Amino acid sequence: MARSRTDTLLVTRIVAGARRRRQPDELIVEEPMSIQLDGVQVSTTMRTPGHDYELAAGFCHTEGVLAGSPITGVRYCADGSAVASEFNVVTVETGGRAPAPTPRLGTTSSSCGLCGSDSIDTLCERLAPLDLAHAAAFDIDTFPELCAKVLAGQGLFASTGAVHGAAAFDANGNISITREDVGRHNAVDKVIGRMLLDQQLPATGIGLFVSGRASFEMVQKAWAGGFNVLLSVSAPTSLAVLTARRANLLLAGFVRADRLNVYSPERLG
């Protein structure tokens with residue numbers, strides 16, 4: 001069932017030197033979605049409806065709760081009507097192959113996700129460093145043009161100004177998947193979830209674009225997905241940079257039309 005991702009509400013528009021007037025404004029929808037693994041709730045996140053199966057699958061993959069188990073199905077509401085739950089409960093199924101999940105307490109916010117829930121050392125225990133050779137295939141000089149292309153294609157942002165975007169791209173600058181969501185981490189999980197369901201992970205030789213800051217969690221998700229490059233139009237955190245260097249992930253931030261910063265690797269060859 002297609003869910004509306006925007007609402008139109010009347011607002012008061014105020015412009016200097018002009019009369020106040022009431023007019024319709026298009027606003028992004030934000031609703032909670034519970035994510036279950038084999039019927040056990042693992043998280044609740046505030047998200048923009050749409051691509052919910054991708055979001056649930058991507059979250060389970062990037063958080064490591066699948067433990068390599070294949071997904072056998074994804075569906076709304078494990079123990080009742082999808083309509084009754086207003087399409088806000090999604091369960092990822094592995095037929096019991098995945099380890100029993102430990103439910104997370106509270107709600108995952110749309111702004112920062114589960115920042116700080118894992119340390120670099122914990123990630124290194126379950127994720128092997130990436131192959132630097134695949135990152136070297138990307139031409140850094142093309143990153144500004146690529147970012148501009150992704151941003152220009154963000155339809156929901158153009159109409160509401162209230163969402164983040166994520167996209168997958170190859171070394172030739174071809175964009176294969178673009179997703180938008182009120183949460184930065186949700187947009188990324190939707191991209192990764194789509195690739196997981198299409199059996200395109202690990203994302204070897206593929207880059208990941210994010211429209212917000214490059215936090216530790218963004219690096220974690222890029223590393224878990226097997227991406228070799230992470231591009232951000234904003235700044236990274238120091239923990240994100242240290243994690244990217246441990247992962248052998250090429251991390252570039254503050255990407256603008258005429259400049260960018262490369263934070264990882266520490267030195268360019």
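Throughout, read-outs are computed from the coordinates displayed, never taken from laboratory work. Remember, it's a predicted structure, so these values are computed and weren't measured experimentally. As a convention, Cβ positions derive from the backbone with ideal geometry for all residues, glycine included, and neighbour counts pool all protein chains shown.
Under the rule of -39500 (n - 2.57) per DSSP H run of 4 or more residues, summed and divided by the residues of the chain, what mean residue ellipticity at 222 nm is obtained, to the nearest 500 deg cm²/dmol? It would help to have the intermediate numbers written out before the result.
Values: 8 runs with 73 residues, N = 269.
Computed ellipticity for the chain at 222 nm equals -7500 deg cm²/dmol.
Where in the chain lies the longest segment free of trypsin sites (Lys or Arg not before Pro) that are both loop residues by DSSP (not H, G, I, E, B) and have at most 11 other Cβ atoms within 10 Å?
That gives 21-258 as the longest site-free run.
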Query raised in the report: How are the Cα pair distances of segment 221-267 distributed, in percent, across 10 Å bins from 0?
Result: 29, 58, 13, 0
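What net charge is computed for the residues neighbouring Asp38, neighbours being all others with C-beta under 9 Å from the C-beta of Asp38, Lys and Arg scored +1, Asp and Glu -1? Provide the component values of the computation, followed by the final result.
Numbers: positive: Arg97; negative: Glu93.
Local net charge: 0.
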Report summary line: Here D for the chain, in µm²/s, from Stokes-Einstein with a Kirkwood Rh over Cα pairs at 4 °C and 1.567 mPa s, works out to 68 µm²/s
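First measure r as the distance between the Cβ atoms of Asp258 and Arg97, then evaluate 1/(1 + (r/R0)^6) with R0 = 35 Å and state the FRET efficiency to the nearest 0.05.
0.10
What's the exposure ranking of Cys77, Cys60, Cys124, Cys147, going from fewest to most Cβ atoms within 10 Å?
Cys124, Cys77, Cys147, Cys60
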Query raised in the report: Just going by the charge dipole of segment 132-264, with Lys and Arg at +1 and Asp and Glu at -1 on Cβ, which of Phe157, Asn186, Asn228 is farthest out on the positive end?
Result: Asn186
Query raised in the report: In terms of modelled amide H atoms, which long-range or inter-chain residues lie less than 5 Å from the amide H of Leu37?
Result: Val42, Val92
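May I have the convex hull volume per residue, in Å³, for the Cα set of segment 132-264? Could you put the intermediate results ahead of the total?
On the way: hull volume 11.8 nm³, N = 133.
Convex hull of Cα atoms, per residue: 89 Å³.
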Query raised in the report: How high is the relative contact order of the chain, in percent, counting Cα pairs under 8 Å that sit 6 or more residues apart?
Result: 17 percent
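Would you please give the FRET efficiency between Ala137 and Val11, computed as 1/(1 + (r/R0)^6) with r the Cβ-Cβ distance and R0 = 41 Å, to the nearest 0.05?
The pair Ala137/Val11 has a calculated efficiency of 0.30.
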Requested in this report: Within 10 Å of each residue's Cβ, count the other Cβ atoms and sort Val15, Val92 from fewest upward.
Outcome: Val15, Val92
Query raised in the report: Taking only the alpha carbons of segment 1-67, what extent do you get along each of the three principal axes, in Å, biggest first?
Result: 60, 25, 15
